[in-house]
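Accompanying notes for the structure given below.
Nothing in this text is a laboratory measurement; each read-out follows from the coordinates by a stated rule. In this text the structure is predicted, and so the values were computed from the model without any measurement. Every residue, glycine as well, gets a Cβ built from its backbone with ideal geometry; the counts of neighbours run over all protein chains shown.
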Amino acid sequence: MKKTIVLASDHAGYPLKEALKAQLTTAGFPVVDAGTDSTVSCDYPVYAEAGCRKLLDGEGDLCILCCGTGIGMSMAANKIRGIRAACCSDTYSARYTRLHNDANVLCLGARVVGEGLAWEIAETFLTTEFEGGKHARRVGLIMDLEARQQD
Ligand code: RB5
């Protein structure tokens, strides 16, 4: 059974989100789309939260967020408890953020990577499993940092 993927974007990431949706569907990954629905200007933190909430609510197994650079989405997503978001522009980073960081959100910059590279990055991220072991301890320490933050 393939993982279910939550997708979300702002206006800048919308064309890439749509391209990824088509590629994911063709590759057999069920997709949950948290918006946006057009290239009309909107605020990326709104859609970072929309995608991450669906992920945390169990509607998907992993999430991909697209904006212009991928950076705003990753900054916003990493403010949400339980999210470990990685902004990647290469397949090596995508592979190792799953192996070592157990990242659950991939952020892509539609103005940084083309659709072909974005798909290879996404496919690498979605098909690589967390290695565990000493990396589980380190990810646990990240989550401890989060737990110590004041509300
Ligand atoms: C929108 O112009 C742009 O700022 C946004 O998509 C993103 O790149 C922010 O980090």
Between HIS11, ALA77, GLY109, whose Cα lies farthest towards the positive end of the dipole of the chain when Lys and Arg beta carbons carry +1 and Asp and Glu beta carbons carry -1, centred on the Cα centre? ALA77
How large is the Kirkwood hydrodynamic radius of the range 1-70, counting all unique pairs of alpha carbons, in Å? 11.7
Expressed as a whole number of Å, what is the distance separating the alpha-carbon centroids of the range 53-93 and the range 1-32? 13
Neighbour net charge for GLY35 - beta-carbon separation under 13 angstrom, K R +1, D E -1: -2
So what is the diffusion coefficient of the range 36-114 in µm² per second by Stokes-Einstein at 10 °C and 1.306 mPa s, using a Kirkwood Rh over Cα pairs? 126
Expressed in nm², what is the orientationally averaged projection area of the convex hull enclosing the Cα positions of the range 64-151? 5.4
Checked the range 105-150 with the C-alpha gyration tensor, a ≥ b ≥ c its square-rooted eigenvalues, rounded below a/c of 1.5, otherwise prolate if a/b is larger than b/c and oblate if not; verdict oblate
Computed over all unlike Cα pairs, the Kirkwood hydrodynamic radius of the chain in Å stands at 15.1
Would you kindly enumerate the cysteines in the chain that have no other Cys beta-carbon under 4.7 Å from their beta-carbon? CYS42, CYS52, CYS63, CYS66, CYS67, CYS88
Provide the gained length on full extension for the span SER38 to THR26, in nm with one decimal, where the gain is 0.36 nm per separating residue minus the Cα-Cα distance. 2.2 nm
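Given R₀ = 30 Å, FRET efficiency for ARG53-GLU131 by Cβ-Cβ distance, to 0.05?
The calculated FRET efficiency here is 0.65.
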As a test of the formula, what do you get for the chain when each DSSP H run with n ≥ 4 contributes -39,500 (n - 2.57) and the sum is divided by the residue count, at 222 nm and rounded to the nearest 500 deg cm²/dmol? -14000 deg cm²/dmol
When HIS135, HIS11 are arranged by how many other beta-carbons sit within 10 Å of their Cβ, fewest first, they go HIS135, HIS11
If I build a Gaussian network model for the chain, linking alpha-carbon pairs within less than 10 angstrom, which residue out of SER74, SER38, SER89 has the largest mean-square fluctuation? SER38
